[in-house]
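Quick note: the coordinates plus some simple rules give every number you see, no bench work behind them. This structure is a prediction, so every number in the text was calculated from the model and none was measured. All Cβ positions, glycine included, derive from the backbone under ideal geometry; neighbour counts span all protein chains shown.
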Amino acid sequence: MQPNSSPPLHDELTARFGDAVLAAESLGGREALVLRPSALLEAVRHLRGALGFDVLIDLCGADYSGYPGHQGDPLCVSYQLFSTATRRRAWLKVYLPLEGARVDSLCGEYGCANWYERETFDMYGVDFAGHPNLKRLLLYEEFKGHPLRKDYPIQKMQPLIPMRNAVDYEAVARARRSQSPDEAGGR
Amino acid sequence: MPTDISAKFPGWRNGREDGFDIEPLYINMGPSHPAMHGTVKMVLKLDGETVVHADVEIGYLHRCFEKTVEAKTWNQVIPYTDRLNYVSPLINNMGYCLAVEKLLGVQVPERTDYIRTVMCELSRIGDHLTCIGAGAMELGALTAFLYFMKAREASWQLIEEVTGARLTISYGRVGGVVRDLPASFAERWAWVKSQVEENLGEVATLLNGNRIFIDRMKGVGVMPLDRSLQYGMTGPFARAAGFDYDVRRDEPYFAYGKVAFDVPTRSAGDNWARYEVRMEEIRQSVRIVDQALAAMPEGPVRVEDPRVSLPRKKEVYSNIEALMNHFKLLMPGHGIRPPAGEVYCAVEGGNGELGFWLISDGSDRPWRVRVRPPCFAIMSGVEELILGEQLADIVPVFGSVNMIGGELDR
């Protein structure tokens, strides 16, 4: 759906930022540009200012640890941009290490980045440098860990209040059976 | 992102003109407040009755959707998508199926596209009716609410006749829909249409000239175009501010490219504009259903593709290939297995762009299912939206956001 007249984003960004574009992934008919994390903010500013990508449609994370064939840093932050003028979409990705994942915040560029980045921090533990209020969004403050990472067990529970001990009905029934009818008050 | 009033209105000063400073009042609004829809908490700082600082807390309906579905098979995710949006579950259902089909490279039969279009628009009608009706009720217009619930009931009854359920419909399948529309569908739709149009007219008469309603809606909760783009808002909320964008028209999916409809926009960006846009969208949805039903071709409703569709029972019992195919689709570790890859696919939900980012590693379970909920972006702008408004105006403003906790918190 992109107009043919405008050159591909890959070329435009490479021409301006040199090696900032590490790769281009073709995903479901669309191109996702993998950027060097340190170059993200500059590239987004250019996309927003010069190329008119004025809407941040989505910002979210993904964890590729153990993904077949994946090489390099496993944590991914994905950005979907949209331009109201040209109706084009852009898809950017940065890959970050699990330990000390850190990338520049886009809060200065897009208002909704604030909540999206808080959610990504919440779920993946990505530290967004320059975020004014980086705290958990969906989970509670006392929560430990980042649940959408692949190393977080799916069955793990972290109740705020300790769970009550469930009644062991099997044991109760066994104890009942071992008692004589008189003792158990059996009528 | 201004969360304090001095950032939104430079020159604002707390306190009274005569120099007496008023101590600000802090109010916790929600999460168990009837107008907060049960799932949002707002910590408000008030100067008199004016909101000077707001902190919106979400997450009270977080159900670990995205983590849970990573342990489910691709088909088992479908019922979870119903629960994402509890007023228009069909759109989420179909949106997810469309994304998986893109991942698989499956092309559904043409009739399915039309059925999905019809069912999505029925849901959208219900969604908008609920939003406007509940919003009007919160302002005291109970009659409007009851009329719209009557109309919604008609559309939900039709949905129930098709899917067998009102909310937990699970009607979409990868590669089609569960079953065809009942034979009486067109006839029943004519009745639903008459109900919806009648109630639309009645409510428009009740509200459009109502002094109280106009005063509470016009000029209240203004989100101008530049700010709404800044927050990445889409859907009726952004169209009311002048962002002329609708996924159905701009990136057509299903049968939306083959029907004619208008995308209503306004420029004021206030409650009233959002009300008008939603009212008009209901009329457009009725138009779409009419056209889609008229143009709907005959044919199968599931794709004949052994990778996604169960073979017919008669075949399963009579030949070995179909029996093997049946088990290959149902046994643990088999099932639908999209090739390794990723896709981002968007549909127009009741509130705006509903996106699914799916990652497959080639196994029978999704590696990652990301939902881009339409009301998330809108909710992130609510803090700014209610700054400088009266405490009582939060109710209609928040009502016009049409927050759906199910997809907001996932």
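Quick notes on this one:
- Distant-in-sequence amide contacts of A:Leu137, defined by a placed amide H-H separation under 5 Å and a gap of 5 or more residues or a different chain, comprise A:Asp122.
- Simple label model, 7 Å out from Cα along Cβ direction - B:Glu161 to B:Asp215, nm: 4.4
- Using a cut-off of 30 Å between Cα atoms, the listed pairs B:Lys67/B:Lys102; B:Lys41/B:Lys102; A:Lys93/B:Lys67; B:Lys193/B:Lys313; B:Lys258/B:Lys314; B:Lys102/B:Lys150 include B:Lys41/B:Lys102; B:Lys193/B:Lys313; B:Lys258/B:Lys314; B:Lys102/B:Lys150 as exceeding that distance.
- Between the residues B:Ser363, B:Val43, B:Leu158, the greatest Cα displacement towards the positive end of the dipole of chain B, with unit charges on the Cβ of Lys, Arg, Asp and Glu, is found for B:Ser363.
- Magnitude of the charge dipole for chain B, about its Cα centre and with charges confined to Cβ atoms of Lys, Arg (+1) and Asp, Glu (-1), is about 1300 debye.
- Taking amide hydrogens as placed 1.01 Å from N in the peptide plane, the amide H of A:Leu27 sits under 5 Å from those of A:Ala32, each at least 5 positions away in sequence or on another chain.
- Applied to the stretch B:366-374, the Karplus parametrisation 6.51 cos²θ - 1.76 cosθ + 1.60 on θ = phi - 60° returns per-residue 3J(HN,Hα) values of x, 6, 7, 10, 10, 9, 9, x, x Hz, with x for Gly and Pro.
- For peptides B:236-244, B:344-352, B:296-304, sequence by mean Cβ density within 10 Å, most packed first: B:344-352, B:236-244, B:296-304
- Using the rule -39500 (n - 2.57) for each DSSP H run of four or more residues, divided by the residues of chain B, the 222 nm mean residue ellipticity is -14000 deg cm²/dmol.
- Applying the Karplus relation 6.51 cos²θ - 1.76 cosθ + 1.60 with θ = phi - 60° to the stretch B:102-107 yields 3J(HN,Hα) values of 5, 5, 7, x, 9, 9 Hz, where x marks Gly and Pro.
- Per-residue shielding of A:100-112, expressed as the average number of other chain Cβ atoms within 10 Å of the residue Cβ, stands at 3.
- With the highest mean first, a sort of the peptides B:325-337, A:76-88, A:58-70, A:113-125 on other beta-carbon atoms found within 10 angstrom per residue produces A:113-125, A:76-88, A:58-70, B:325-337.
- Put a dot 7 Å past the Cα of A:Glu99, heading toward its Cβ, do the same for B:Arg312, and the two dots end up 6.1 nm apart.
- DSSP-defined antiparallel bridges as percent of all bridges, the stretch A:1-124, nearest 5: 85
- The packing ranking, built from the mean of other Cβ atoms within 10 Å per residue, places the peptides A:133-139, B:358-364 in the order B:358-364, A:133-139, highest first.
- Note on B:Met331/A:Gln158: beta-carbon distance plugged into 1/(1 + (r/R0)^6) with R0 of 41 Å gives a FRET efficiency of 0.75.
- Shape of the protein assembly as shown, Cα gyration tensor, a/c cut at 1.5: rounded
- Trypsin sites (Lys or Arg not before Pro) within the stretch B:104-173: DSSP coil, no more than 13 neighbouring Cβ in 10 Å: B:Arg166
- Rounded to whole numbers, the Karplus 3J(HN,Hα) couplings from phi for the stretch B:358-364 are 10, 10, 10, 9, x, 9, 8 Hz, using 6.51 cos²θ - 1.76 cosθ + 1.60 with θ = phi - 60°, and x at Gly and Pro.
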